[in-house]
Amino acid sequence: MANLGYMQVVRHCNQYCRFCSNPSSGYVLDLETAKKEIDDFAQRQYFGVILTGGEPSLSPIIPDITRYAVERGLHVRMITNGSQLARPGLAQQYAEAGLRHFHVSIHSVREGVEDFLTGVKGSYAQAMDALENLSAVGATININTVINRFNADHLDENVRVLYARFPSLSHQVWNNLDPSMGRAETNRDTAHRLADFELSLTRAMRWLHRAGKTFRVERVPLCYMTEFAHCSTETRKIVKKEERIVHFLDEKGTIRQTDWMHAKSAACQKCSLNDICGGLFELGDHYDLGELHPVFVPPQPIVDRVLADRD
């Protein structure tokens, strides 16, 4: 198993994403608490830790956290909007501490759309500068994208533009919008229907596959990605029996997730992939169970493909 633990290091952020599920607060993580959480991951024989937030690069102790985690044998990653990494020198500082793997959140290559979604004019330009700086230090760079109504029609355009401009990009992650909490619950204009992204997501996955890139898709039921079912985050965790621990900096505290099944419809019971499909994450009051439909393909080749992958 390649379990990865999540640590929120701050809860404040310098962007105001319309769908953020972790709105800003005054909580920050101190180094001693961080070390205890890292010790726990190491004792559980986790592969690594992901530093998240808020915007984790706003924390001044990232190098200290990283060095300690590396000493404990953990691979360290960061999920970031790239705003601070656009500044010269920070990418090199992180790399020297042992942080060389970054998930940079970019939701649209249409500059106006990206700035609108993040709530900060110039955020797209900052993200591009961050990718330049990270590429210069030889970092491993993934792109994280939240699927929402404003980018659902051009997910394929996103990957074509980004991966052509930055050939060193190695991996793409899509997270389907959680419409039931955080800012998405207030900004209902971000919510979409599953059918809105079906074609562009398929085109994007096919393009990346042809380009030899890897990708994962979270919170999307398999009836919308059957061709690439082995790339579903939930399916992979169900098949591999993985867990995920998240240390939140709020009243949620520490959560250990081992159940990857979500809402299902009556149609799902007829689906050949029901047992390895996560279903519809956080139904809330938006997504319609009527959008789910059964597919009839053998599950074993998908299971075999997942088990054969190293990550």
Practice task
Starting from the coordinates of the alpha-carbon atoms of region 134-230, obtain the Kirkwood hydrodynamic radius over all distinct pairs and give the value in Å to one decimal.
Solution key: 14.1 Å
Completion exercise
Residues whose modelled amide H sits under 5 Å from the amide H of residue 216, counting only those 5 or more places away in sequence or on another chain, are 172, 173, 174
Practice task
Could you give the size of the charge dipole of region 141-294 about its Cα centre, using +1 on the Cβ of each K and R and -1 on the Cβ of each D and E, expressed in debye and rounded to the nearest 20?
Solution key: 640 debye
Fill in the blank from the handout: Taking the reciprocal of mean 1/r across every pair of different Cα atoms in the chain, the Kirkwood radius in Å is 19.9 Å
Completion exercise
Along the dipole axis of region 185-311 (charges at Cβ: +1 for Lys and Arg, -1 for Asp and Glu; origin at the Cα centre), the most positive-end residue among 306, 221, 294 is 306
Practice task
Subtract the Cα-Cα distance of residue 266 and residue 36 from 0.36 nm times their separation in residues, and report this length gain in nm to one decimal.
Solution key: 78.4 nm
Problem - Relative contact order for region 4-308, counting Cα pairs under 8 Å that sit 6 or more residues apart, in percent - result: 16 percent
Fill in the blank from the handout: Scanning the chain, every Cys lacking a C-beta partner under 4.7 angstrom -> 13, 223, 231, 268, 271, 277
Completion exercise
In region 4-308, lysine pairs 8 or more places apart or on different chains with C-alpha atoms under 23 Å apart total 9
Completion exercise
Of region 218-232, those with amide N under 13 Å from the point 7 Å along the Cα→Cβ vector of residue 198 are 221-227
Practice task
Of the DSSP beta bridges with both residues in the chain, give the percent that are antiparallel, rounding to the nearest 5.
Solution key: 15 percent
Handout entry: Charged-residue dipole, Cβ positions (Lys, Arg, Asp, Glu), the chain about Cα centre, Debye nearest 20
Key = 560 debye
Completion exercise
Per the charge dipole of region 4-308 (beta-carbon charges, Lys/Arg positive, Asp/Glu negative, Cα centre), the residue among 201, 126, 34 reaching farthest to the positive end is 201
Completion exercise
Two pseudo-spin positions, 7 Å from Cα along C-beta at residue 300 and at residue 43, lie apart in nanometres by 4.2 nm
Exercise for the section: Would you please give the FRET efficiency between residue 189 and residue 255, computed as 1/(1 + (r/R0)^6) with r the Cβ-Cβ distance and R0 = 25 Å, to the nearest 0.05? Expected result: 0.30
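No lab work stands behind these numbers, since they all come straight from the coordinates. What you see is a predicted model, and the numbers here were worked out from it, not measured in a lab. Positions of Cβ are backbone-derived with ideal geometry, glycine not excepted, and every protein chain shown enters the neighbour counts.
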